[in-house]
Amino acid sequence: MSKAYSKRLRDHAQITAKSIGLQGFTLREGVYFMYTGPCIETVSEGRFIHMLGADVVGMSTCPEVTVTVHCGMEVFGISIVTNKSALKSDSDEVVCTIEEVLDTAAVRSKDLQKLITAMVETLDLHPTPKNKSGLVQY
C-alpha cells in the first residue's frame, strides 16, 4: 500500500489540467487522512491530524483505494478541498458550516467534471505492465 496511487495517472491529471486551461484550479499532491464522519473535525482533532503530517482530511476514498489496490488495479484518487480547519482554539478563524462545504463542492465540482472528462478522453488505454504475481507495476 505504500504506492497506492498510479504515478502515470497522477501525471496524466496534471498534464490534462494544464492542457484544458482550468483557471484557478490547482492540483496538489499530499497526505490524505481518513476521518469518520459525517462531521467537521474539532480544533483539537485538526491539530492532532496536522501533527501526524496530514495535508487534507476526508471521509471516504481510503477503503475503496485499499480494495482496488488489492485487486491489482491501477488507482487514481482526487478530492475537492472544501474548507480549512481552524488549528487554534483562540483563533478568530470561523469554523466552516456544512452549508459552506456543500456550496464549495458544488462550485468546484464543475471543474472536476471537466478534468475527469478530459482525462478519460485522452487516457492511454494500453495495458499497464504487471509483475510476476499479476499485480500492476507502479
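The values are calculated or read from the model by the stated rules, or taken from the named source; none is laboratory data. If you're wondering where the values come from, they're calculated on a predicted model, not measured in any experiment. Don't worry about glycine lacking a Cβ; one is built from the backbone with ideal geometry, like all the others, and counts go over all protein chains shown.
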Whether any residue in segment 124-138 is under 23 Å from Phe33 (Cβ atoms) and modelled with pLDDT under 90 is what I want to check. yes
What number of residues within segment 16-37 satisfy the criterion of being under 16 Å from Met119 (Cα atoms), more than 16 Å from the chain's Cα centre (by Cα) and assigned to a loop (DSSP other than H, G, I, E, B)? 3
I'd like the residue in segment 1-15 that is touching a residue at least 60 places away in the same chain (Cβ under 8 Å) and not in a helix (DSSP H, G or I) and, out of all such residues, is surrounded by the most Cβ atoms within 10 Å (Cβ to Cβ). Ser6
Condition (residue is more than 29 Å from Cys96 (Cβ to Cβ) and either not basic (Lys, Arg) or not in a loop (DSSP other than H, G, I, E, B) (or both)) applied to segment 48-67: is it met by at least one residue? yes
Any chance you could count how many residues in segment 2-47 are among the aromatic types (Phe, Trp, Tyr) and in contact with a strand residue (DSSP E or B) (Cβ under 8 Å, 6 or more places away or on another chain)? 3
